[in-house]
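Here's the structure we're looking at; comments come further down.
Each value in this text was obtained by applying a stated rule to the coordinates, not by laboratory testing. What you are looking at is a predicted structure, and each value in this text was computed from that prediction instead of being measured. When we count neighbours, we look across all protein chains shown, and the Cβ atoms used for this are built from the backbone with ideal geometry, even at glycine.
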Amino acid sequence: MARGDHQHENDGERGHEGEHGGEHGHDGVTDAAVEAERWLVVNGRRWRRTDPSLPDDVVEALKSHLGRGRSAVGAAKRAAAAGPAAGDPGASGSRAADPGATDRGATDALAAARRRVGLAKRGLGERGPRWWERPEAERLAQAEAALAELQSLDD
């Protein structure tokens with residue numbers, strides 16, 4: 001996948017392909033080229049690309065957090081589906097002494113993992129306000145803030 005090929009655009013504006021009102025934009029760039037920079041289309045679905053103005057080191061760090069978050073989402077879902085682990089007290093028979101404890105733990109882990117994914121995607125510009133509608137300095141500040149928050153989760 002190319003840089004930023006992650007976020008599906010589901011805000012109800014999928015039909016507005018040509019924003020410049022013609023074959024060419026204001027600077028001679030075709031609408032198709034502009035759209036290709038902003039969106040990846042897979043099986044008819046548009047996915048927002050990563051902000052191309054972000055420094056490579058910031059993008060790589062955010063993508064690392066994104067990958068870890070996605071992995072944690074999968075692990076939390078598998079843990080929730082499996083129920084209490086074999087080594088848990090009270091696992092044999094009717095679940096643990098507090099049947100909701102395992103469910104809460106899995107729910108908390110899933111929420112934390114999804115939060116990591118969301119922070120990384122916002123930092124990359126794949127969620128939230130469209131990066132091409134915002135000043136570059138504001139987008140960089142958002143990416144750096146998201147990265148700092150993600151790094152604080154590991155402390």
* To do: Apply 1/(1 + (r/R0)^6) to the Cβ-Cβ distance of Ala81 and Val42, taking R0 = 41 Å, and write down the FRET efficiency to the nearest 0.05.
  => 0.90
* **Label point distance in nm, Asp57-Glu138, each placed 7 Å from Cα along Cα→Cβ** => 2.6 nm
* Asked: Ranked from highest to lowest mean number of other Cβ atoms within 10 Å per residue, what is the order of the peptides 116-124, 132-140?
  -> 116-124, 132-140
* Once the other residues with Cβ under 9 Å from the Cβ of Arg116 are scored (Lys, Arg +1; Asp, Glu -1), what is the net sum? -> +4
